[in-house]
Amino acid sequence: MLILGIETSCDETGVALYDSEQGLLAHALFSQIDMHADYGGVVPELASRDHVRKLLPLCDQVLADAGRIRGDIEGITYTAGPGLVGALMVGGSVAHALGFALGVPVLGVHHMEGHLLAPMLEDNPPAFPFVALLVSGGHTQLVLVNGIGEYEMLGESVDDAAGEAFDKTAKMLGLDYPGGPRVAALAENGTEGRYRFPRPMTDRPGLDFSFSGLKTFTLNTVSAAEKAGGLDDQTRADIALAFEAAVVDTLTIKCRRALEQTCSKRLVIAGGVSANKRLRAGMEKMADKLGAGVFYARPEFCTDNGAMIAYAGCQRMKAGQRDGDRIVAVPRWPMNSLPPIGEPRGN
Ligand code: ATP
Ligand code: MG
Ligand code: FE
């Protein structure tokens, strides 16, 4: 089954063609980061308008790249939430219009289920069940995954997401959005041990996270360094490293707990922050000691992309799930409310 996948939940227009027999055939991404940079954050109306401009050209591009035509498409999947409602509506409208015109089924997909299943696009995909750490710009969650749509929430952030903490720390260090990769690059020149940041909520039992305190800790450290004679490049790098090490340690400690608690030998890390090299290395070291394996997507499929939406949607469509006539756009949508694969959805 040849699926066209469309992602427009925020500031990235992502499109991909995935074939259930042949795998991923093509994918394309346009990031709006430069457009929003002048405003210091994503402007929802501008995001929607840019998705309108870029979406159909990107669809044509992936078809051309794969040597296919619109008539070859057998199903269309799009991100139905969570995300910015206007941006979601653009993807949903294009998906439904194309589906109607081509006479093929259409299905709205959960963005976080897309992130969660992205590692399945790699060689040696994880078997169910597994523990998953979803770690992105808007989410930090530990989930026990028994199958597609069988999600048991083990823990989550009580305040900021880890990616958000990276982005805010970046801003305080004078770096642009998205902050994660920039903080990581700066940290490479950092001096180990010059600063020590706390590991929030690791001294008590449980699998929840909190990252807003780390942000305050960064702010205080930056202010103190400024007062003490200026924030030179080495100091910025040392702060970046101390922050990154604290996030990685915190996430690793909770993942170890989750693996032990569920007696699981497989850990999936997904979402933008799972592209972080220090995090991957930390998780692998921890999992090795437990005799467990760690699975993640290639870096470009850790952040938002169309391939994960094509893949996740394809699995559900093969099981018979389809949208009705209505476009589905759900800005807030808990992932554990999804039906198991195979069970019809009531929308
Ligand atoms: P959500 O998926 O929760 O709705 P989102 O779509 O904005 O949020 P993603 O696209 O999955 O989030 O990921 C973006 C986030 O990942 C940003 O916060 C970014 O700073 C972070 N990120 C990307 N690469 C890295 C990296 N190498 N190290 C740390 N953080 C990173
Ligand atoms: Mg993004
Ligand atoms: Fe995302």
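Here are the numbers for this structure:
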{"read-out": "Spin-label model distance (nm) - ASN336 vs ALA127, 7 Å beyond Cα toward Cβ", "value": "2.6 nm"}
{"read-out": "Length released on extending from ALA185 to SER210, taking residue separation times 0.36 nm less the Cα-Cα span", "value": "6.6 nm"}
{"read-out": "Relative contact order for segment 123-296, counting Cα pairs under 8 Å that sit 6 or more residues apart, in percent", "value": "27 percent"}
{"read-out": "Gyration tensor verdict on segment 123-296 (Cα atoms; rounded if a/c is under 1.5, prolate if a/b is larger than b/c, oblate otherwise)", "value": "prolate"}
{"read-out": "Solution diffusion estimate, µm²/s, Stokes-Einstein, segment 21-104, Kirkwood Rh from C-alpha pairs, 25 °C, viscosity 0.890 mPa s", "value": "173 µm²/s"}
{"read-out": "Whole-percent carbon and sulfur share, accessible surface of the chain, 1.4 Å", "value": "51 percent"}
{"read-out": "The chain - Kirkwood radius from inverse mean 1/r over Cα pairs (Å)", "value": "20.7 Å"}
{"read-out": "By average C-beta atoms within 10 angstrom, highest first, the peptides 277-285, 83-91", "value": "83-91, 277-285"}
{"read-out": "At most 12 other Cβ within 10 Å, DSSP loop - chymotrypsin sites (Phe, Trp or Tyr not before Pro), segment 1-98", "value": "TYR39"}
{"read-out": "Alpha carbon centroid spacing (whole Å) that separates segment 268-325 from segment 1-79", "value": "18 Å"}
{"read-out": "Mean separation of Cα contacts under 8 Å (6+ apart) over length of the chain, as relative contact order %", "value": "24 percent"}
{"read-out": "Amide H contacts under 5 Å for ARG266, placed H, 5+ residues apart", "value": "VAL131, GLY293"}
{"read-out": "Heavy-atom surface of the chain, accessible at 1.4 Å and reported per residue (Å²)", "value": "42 Å²"}
{"read-out": "Cα-based helix-to-principal-axis angle, 212-227 vs the chain, degrees rounded to 10", "value": "50 degrees"}
{"read-out": "Members of LYS215/LYS277; LYS168/LYS227; LYS227/LYS277; LYS215/LYS289 lying beyond 26 Å, as alpha-carbon distances in this model show", "value": "LYS227/LYS277; LYS215/LYS289"}
{"read-out": "Where labels lie 7 Å past Cα in the beta-carbon direction, separation of LYS171 and PHE100 in nm", "value": "4.0 nm"}
{"read-out": "In nm, spacing of pseudo-spin labels at ALA319 and GLU192 (7 Å Cα→C-beta vector)", "value": "4.5 nm"}
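The values are calculated or read from the model by the stated rules, or taken from the named source; none is laboratory data. What you see is a predicted model; the values in this text were computed from it and never measured. Glycine also receives a Cβ, built like all others from the backbone with ideal geometry; neighbour counts cover every protein chain displayed. To get the accessible areas, we keep the full protein, side chains included, count just its heavy atoms, and leave off ligands, DNA and RNA. Shrake-Rupley method; radii C 1.70, N 1.55, O 1.52, S 1.80 Å.
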